[in-house]
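Right, one structure below, let's go through it.
The values are calculated or read from the model by the stated rules, or taken from the named source; none is laboratory data. It should be emphasised that the depicted structure is a prediction, and the values quoted were computed from it without experimental measurement. Reconstructed Cβ throughout: ideal geometry from the backbone, glycine too, with neighbour counts over all protein chains shown.
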Amino acid sequence: KNQVEQSPQSLIILEGKNCTLQCNYTVSPFSNLRWYKQDTGRGPVSLTIMTFSENTKSNGRYTATLDADTKQSSLHITASQLSDSASYICVVTHGGFQKLVFGTGTRLLVSP
Amino acid sequence: GAVVSQHPSRVICKSGTSVKIECRSLDFQATTMFWYRQFPKQSLMLMATSNEGSKATYEQGVEKDKFLINHASLTLSTLTVTSAHPEDSSFYICSAQGQGGDEQYFGPGTRLTVT
């Protein structure tokens, strides 16, 4: 079954601290993996996209990693800011159907 | 670039009425548009895929007669929730995909509340 699981489900960190979010997937065949940020009541916004051959990709304070062998990805947020409070969603594109398989997200709260 | 808008952002309607939600790609031509529904604390669930000028393809379990989708132009798709009921209350999000690309650009969503 094509699934994307994320952990933790929710996370609270202090402003300025770093954190790492995890994503495991069973989607096959694999096309690419994206991390999105979704603010409450808003649509998802793409942070990074990685294909099979890419191991890491950065976007400012966001760094995503991908291990295609173990089917795991992580999103590392450096020097967190209050505006980072949001849900972070891992999305894998199914290579055959070209459909997006969404994880349930990690809700991050950055407190002052 | 790649901006997608939705209108309205919030709508409250009475049970039994119909509601239309618009999704527009503002700066690119969207050959394919997708409609998603998201319940609180859950992930996005794909409802249907529409290609410009053709009938939408609905996911299993989504009633095509209840959720009418029209994709009449390369920049506009509409979702009409017919005879809405309280259980249809949800956050509806559209996304748009340009020709030759697989990136989906998401709209800001529409919060529907059926009373």
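In the set (1) among the small types (Gly, Ala, Ser); (2) buried (at least 17 other Cβ atoms within 10 Å of the Cβ); (3) in a strand (DSSP E or B), the condition left unmet by residue A:80 is number (3). Summed over segment B:36-55, residues that are closer than 26 Å to residue A:38 by Cα and in a loop (DSSP other than H, G, I, E, B) total 6. Put simply, of A:89, A:49 the only residue that is of a type in the set (Val, Ile, Thr), outside any loop (DSSP other than H, G, I, E, B) and modelled with pLDDT under 95 is A:49. Among the candidates A:78, A:56, A:63, the residue that is away from chain B (no Cβ under 14 Å) and in contact with a His (Cβ under 8 Å, 6 or more places away or on another chain) is uniquely A:63. Kindly indicate whether residue A:20 is in a strand (DSSP E or B), over 20 Å from residue B:101 (Cα atoms) and among the β-branched types (Val, Ile, Thr). The answer is yes for residue A:20.
Just checking, does segment A:73-80 include any residue being more than 25 Å from residue B:111 (Cα to Cα) and in contact with a Gly (Cβ under 7 Å, 6 or more places away or on another chain)? The answer is yes; a qualifying residue exists. Mind listing just one residue for me: the one in segment A:31-48 that is within 11 Å of another protein chain (Cβ to nearest Cβ), surrounded by 13 or more Cβ atoms within 10 Å (Cβ to Cβ) and more than 13 Å from residue B:105 (Cα to Cα) and, of those, farthest from the chain's Cα centre (by Cα)? It comes out as A:31.
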